[in-house]
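So the structure is just underneath, and the comments pick up after that.
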Amino acid sequence: MTNPLGDAPAPQGMKPWIRVVLGLSLAVNLLIIGLVLGAVLRFGGPGANRPPPTGVSLIRALPSDDRRALRDHLHEILPPPADRLGEARDLAAPLMATPFDPAALEAVVQEQAATRSAFQDALQQAWLDHVMTMDDADKAAYAKRLLELAEHGRPPKGPPDSDD
């Protein structure tokens, strides 16, 4: 086979054994990537066991029935939370206004902060009321779960009142 542009021969195709080696190399690389991604999805990536914020831990360490009761109580005493799209629209309106009115934006931010603060206060009081009804054994088990969350970023395995 000759090159139409000159007298140098045209390059020949890749040898079959090289294709097999490259194919196997690609397969091994895809297998390794799949194993790594599977492990990350199953066990979490770096920082996956980082403890949640204390407020989240206070709720997460409660037994599921207690969390449900606390949530139901909050739904009774608080108006339904504003939807996120509504809050974003409330913030977007003064940001897009021409001329820009910083006082209008500040009023929206202050109103949303007051709503979050009222929710936080109600949640804190409901949590305190609930903890005050616990007997000593329940409080000790709850404290153990809180410490487990703080140390390992996850609650202990098994039922919340087990002594694993």
**OP:** Report yes if some residue within segment 79-98 is exposed (fewer than 10 other Cβ atoms within 10 Å of the Cβ), out of contact with any Gly (no Cβ under 8 Å at 6 or more places or on another chain), of a type in the set (Ser, Thr, Tyr) and assigned by TED's automatic domain parsing to the domain that holds Met132; otherwise report no.
**Re:** yes
Subject >> Pair list, Cβ < 6 Å and 6+ apart or interchain, from segment 28-48 residues that are at pLDDT below 80 to residues that are not small (Gly, Ala, Ser) >> reply: none
Subject >> Neighbours by Cβ (under 9 Å, 6+ apart or cross-chain): first from segment 73-98, in a helix (DSSP H, G or I); second at pLDDT below 80 >> reply: Asp90/Ala82
Subject >> Subset of segment 105-126 that is at pLDDT 90 or above and surrounded by 14 or more Cβ atoms within 10 Å (Cβ to Cβ) - its residue that is farthest from Leu62 (Cα to Cα) >> reply: Leu105
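The values are calculated or read from the model by the stated rules, or taken from the named source; none is laboratory data. In this text, all values refer to a predicted model and were calculated from it rather than measured experimentally. Every residue, glycine as well, gets a Cβ built from its backbone with ideal geometry; the counts of neighbours run over all protein chains shown.
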